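Reading through the structure tokens given below for one structure.
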Amino acid sequence: FNHNLEGLGRFFEASEEVSPTEFHIYTDGLTRSLALYTWIWAPAVPAKNLADFRAKHPDQHSNSLEIWELDHTGNVIPAQPREVYYPIMYQHARNGYVTMTGFDLGSIPEIRRTLEKVVATGLRQTTESGVFIEENRSLIYTFRAVSGADADHPVAGFVGATIDLQAFLNEVLLRSVPDSSTLVTADVFRLLSTGDYSPIGYKLVASTQNPVLPEEPVIAQLEATERFRLVRPLFLNGKSFAVVIRAGSSGWNAFKSNSLWVALIIGLIATALLGILVRLIVTRRGYLERVVRERTTELNEINKRYRLIWESTIDGMRLTDADGIILDVNAAYCKMVHKDRNDLVGKPLSIVYQGDYERIERKHQERFKNRSIPAYAENQLILHDGTKRWFESSNAYIDDADQPQAVLCVFRDITIRKEAEARLVESENRFRQIFENSHAVMLIINPRDGRIIEANPAAMSFYGYDRHELIGMEVSEINTLSKEEIQAEMDRAQKKERKYFEFKHRLSNDEIRDVEIYSGPILYKGGNYLYSLIFDVTDRKAAQLELKETATALREAKQRFQSLYENTTIGLYRTTPDGEIIMANPALIEMLGYEDFHDLSQHNLNDPEFRVKFARSEFVQEIEKNGVVTGRETMWPRKDGSKLCIRESARLFKDDQGRVLYYDGSIEDITDKRQLEQQLRHSQKMEGIGSLAGGIAHDFNNMLTIINGYSELMLMETGPGDQNYQRIKDIYDAGVSAAALTRQLLAFSRKQAIELKVTDLNSIIEQMKKLLERAIGEDIELEFLPGEHLHAVKVDRSQTEQVLMNLAINARDAMPTGGKLTIESRNIFLDKQYCKQHFNVNPGEYVQVAISDSGSGMDQVTQERIFEPFFTTKERGQGTGLGLSTVFGIVRQSGGHIQVYSEVGQGTVFKIYLPVVYAEPETEQLTTGDNLVTGTETILVVDDSEKVRQLVEYILAGSGYHVILADSGSAALATLRQSRTKIDLLLTDVVMPGMSGRELADMAIEYAPELKVLYMSGYTDNAIVHHGILEEGIYFTSKPLYPRKLSEKVREVLDS
């Protein structure tokens, strides 16, 4: 049988694939004995390959093969989840009837343990009887592993056979003793251990007396008091049985009869048999001698085969007598116990083990005598060399005349299996402890229906459910995904395609939490499930969201780190405490004006030029005391001797003994920054002065409106012959001069409304050339060098003329004995480096106008204050101090900037930079008139100054207009709504308490869309201008108001 089973296994291993037909042809010749119930082929199918396996092996209807098992009531159900399935694929039964295709042998615990034992030991193994078909308890199953094709699949499956011990028993008796139903009876017992040193127990598994075994056979010790009894051991691949044959009751009774006739007949038969025996002895002595020789030869051959089997079996075998003397051992046993055969045979059993030798021998002798050596045992033994190994042993007595003469022990080394079992138990215990005690949320989930089958206390605390509520709950009740999406993700985890997930889980209070899940397949309570390790990351995700920009910056910083040292504009260095420079990056080398590191390293920071002049010693004291220096500002010398203003930070590094190793520091060149800060402070000072001056000019303009307005009207009403005419004209001229001063103040403070137009600067300078020559005098030479293809700029023409005139007069005063004034224009591009050094300047294309003189020049202190209003170097009464401040304000208001370059005795250069516009210059037409322009329209005049209102009413009414007055915006709106007369023009002041002129105009136009608006003000804000520039479509006249100019502007607006 074993030979046939081994052959079937090798048939599968030698074939790439075995078809059902090939299987049946091969096993047909093996299924001859009535004891062989069926032959089986069951492949090993990992759970992850189950779908592919089913698709590859369709059933008889061409559908995917169904893997099934039986429930406790015997009904067919789909196979439950397992790590590995063992479905019956091929089956050749004795009666040819196949019913078990697709049945998972792994669903029977005893069969599954037997298959695992086959894999662990590499040997054939047999199950207990009656493990599957309960109504036939005499069936046993024997399996042999079929090796796989590669390391990933070491076991491809199992070939096996079902043996019917009852049929085996009947067949043996039928062949040996025909019609033995009354003469002989036989039984098969399973040998069982009832304890380490207890007698062997027997469990009846087959019998010729009672083929139908009882429901629960009991273990009973077999008595050896009967006569005419034959007991023989039967070993079936790891299981021990005993076959017991006894004389039948009828034969035994006949033998015990005291009948004389029976005795006589037996005597006569015996006499006849004796005579025949004598003759046979005489006549066939030669024949017997020949037979003896043949049988002797045959026995020698059998002995050789026995020795070959004895020596070549992989199980260790040992034969020991009653005194514990080793009679024989095979090679496998010698290898197991680390001894040669010569060192074992003839020696006491105690030589194999470590310990009390006398106790070992005495124990063996007692157990041998009492026949208490167990038929099967598993023990951990300490060998003679101290090695601890686990052995499985099957033991059988060898009797002679019903007396035990020796005991045969068959050993298998099961250390690996025992260690694996111990690790498995330890792993299961550790898993249970971790599962129950872990603070992490842990769930066991059935991937087929998505239900939770186990949850730890942390899960109950996290989700807010009791254990009985959580167990059996569907995952979809806590996961916000749909059931289909959840099933797809569980399939991915089951196939190990993915083990990390991010979900949103719902708690019992409906709160949604962000969770991270680590999930994968797990074998739990004999089934394949999913474990889920769940972490609440809601707070962490919130923090990650807040730190996203920081994380992005850190990633970018990491990417830039490699090139930072070489490419940064910050100087980086490393020096020893003695001042030796041992590292410096290119930025520092360039900053200090050296050619390379070697050139720089020739200098020491403790040299006198650093130590004394630039406070190196103070730096060393601070860093030695505090360990760091942060933001220390000092001066460092460049190679050419010039000084850098730097900000230095450094850190001190020590070794394990506390000795200073080096200083790592950074140097930032803040020379330009300090210069820009100085310019900014100067600009802010100028801005403050400008705001003050603008406010003063606003108040003056209101007063000058009254003075100049009435004086002009009086001049128009009187003639030169009038005795008061000259006095009025003096008043008027003084008012005009005062108005000029306020315009200069407004120009400086950039509060004067200007109208910018695209202009060619060369044409303005050319037209002003003669005027400038008269202004500077004949002893000063004026030279104009116009730039070719000069770009256009956007400026207020009159303001630009004032700039040129002021600068020319300023140059004239700097050359009292004559000299040369040069005006030069050109296109220029200001780059980033220039803009970095000059505050509030943007890179781009500019038109530069340079006005240079050969005068006395200025020192640095004077240059820092020349643009301040009322600052002058002239003697009292010779200047107002507003000329250059006016220039500064006009240039800045036009979007440009001005720089001055001067040295005492070397002259001065003013350079004006105006941004380029790419458009054609506009032509400007000027109109003049001698009289007031008249009209008959209705005008609504709004101003918070009563005297200004009265003056305007007087001027406009005298010009024929109908004038309505209002002192505020709200009063003007009321008048506009209540007036029955159409109002044609709204003349309003811009800056008024409460409602501004712009707000009044916007609301008035909503009421009267055709209403025209003219603004008047001596001080502008952002209501109608942006940075001093009038908005498109805005009409404006500046204060102080002049009657003729006002009448012309009113007429212009009404006619527009």
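The values are calculated or read from the model by the stated rules, or taken from the named source; none is laboratory data. Remember, predicted model here, so these are calculated numbers, not experimental data. Using ideal geometry, Cβ is built from the backbone for each residue, glycine included, and neighbour counts are taken over all protein chains shown.
Pick out the one residue from TYR357, TYR397 that is under 21 Å from PHE235 (Cβ atoms) and more than 59 Å from the chain's Cα centre (by Cα). Step by step, each of TYR357, TYR397 is checked, and only TYR397 is under 21 Å from PHE235 (Cβ atoms) and more than 59 Å from the chain's Cα centre (by Cα). Go through (1) farther than 26 Å from SER240 by Cα; (2) in a strand (DSSP E or B); (3) of a type in the set (Val, Ile, Thr) one by one and return the number of the condition VAL425 breaks. Of everything listed in (1) farther than 26 Å from SER240 by Cα; (2) in a strand (DSSP E or B); (3) of a type in the set (Val, Ile, Thr), VAL425 misses just condition (2). Checked against the criterion of being surrounded by 13 or more Cβ atoms within 10 Å (Cβ to Cβ) and closer than 27 Å to PRO109 by Cα, the candidates LYS504, LYS495, LYS525 yield just one match: LYS495. Taking segment 348-372 on its own, how many of its residues are out of contact with any strand residue (DSSP E or B) (no Cβ under 6 Å at 6 or more places or on another chain) and assigned to a loop (DSSP other than H, G, I, E, B)? Number satisfying all stated conditions: 6.
Residues in segment 944-970 that are surrounded by fewer than 18 Cβ atoms within 10 Å (Cβ to Cβ) and free of Cβ contacts under 8 Å to residues at least 24 places away in the same chain: GLU946, GLN950, GLU953, ALA957. For segment 524-538, the tally of residues that are of a type outside the set (D, E, K, R) and in contact with a helix residue (DSSP H, G or I) (Cβ under 7 Å, 6 or more places away or on another chain) stands at 2. Of all the criteria given as (1) among the small types (Gly, Ala, Ser); (2) without any contact (Cβ under 8 Å) to a residue 12 or more places away in the chain; (3) within 30 Å of PHE535 (Cβ to Cβ), the one not satisfied by GLY464 is (2). Out of curiosity, is ARG362 of a type in the set (Lys, Arg) and exposed (fewer than 13 other Cβ atoms within 10 Å of the Cβ)? So ARG362 does not fit the description; no.
Where strands (runs of 3 or more DSSP E) fall wholly inside segment 477-591, the ranges with 3 or more residues that are under 18 Å from ALA459 (Cβ atoms) and in contact with a strand residue (DSSP E or B) (Cβ under 7 Å, 6 or more places away or on another chain) are 500-506, 512-524, 527-536.
Restricting attention to segment 332-347, which residues are under 60 Å from the mean Cα position of the chain (by Cα), assigned to a helix (DSSP H, G or I) and either more than 14 Å from LEU319 (Cβ to Cβ) or not assigned by TED's automatic domain parsing to the domain that holds LYS388 (or both)? Across segment 332-347, the qualifying residues are LYS335, MET336, VAL337.
Residue-level check: of (1) outside any strand (DSSP E or B); (2) in contact (Cβ under 8 Å) with a residue 40 or more places away in the chain; (3) surrounded by fewer than 18 Cβ atoms within 10 Å (Cβ to Cβ), GLN405 misses just (1).
Need at least 1 residues that are assigned by TED's automatic domain parsing to the domain that holds VAL131 and in contact with a helix residue (DSSP H, G or I) (Cβ under 8 Å, 6 or more places away or on another chain) per element, so show me which strands (runs of 3 or more DSSP E) inside segment 1-95 make the cut, counting only ones lying wholly within it.
36-43, 68-70, 90-93
Inspect all residues belonging to segment 866-878 and state whether any of them is out of contact with any Cys (no Cβ under 9 Å at 6 or more places or on another chain), closer than 30 Å to LEU790 by Cα and either part of a strand (DSSP E or B) or modelled with pLDDT under 90 (or both). Among the residues of segment 866-878, at least one is out of contact with any Cys (no Cβ under 9 Å at 6 or more places or on another chain), closer than 30 Å to LEU790 by Cα and either part of a strand (DSSP E or B) or modelled with pLDDT under 90 (or both), which makes the answer yes.
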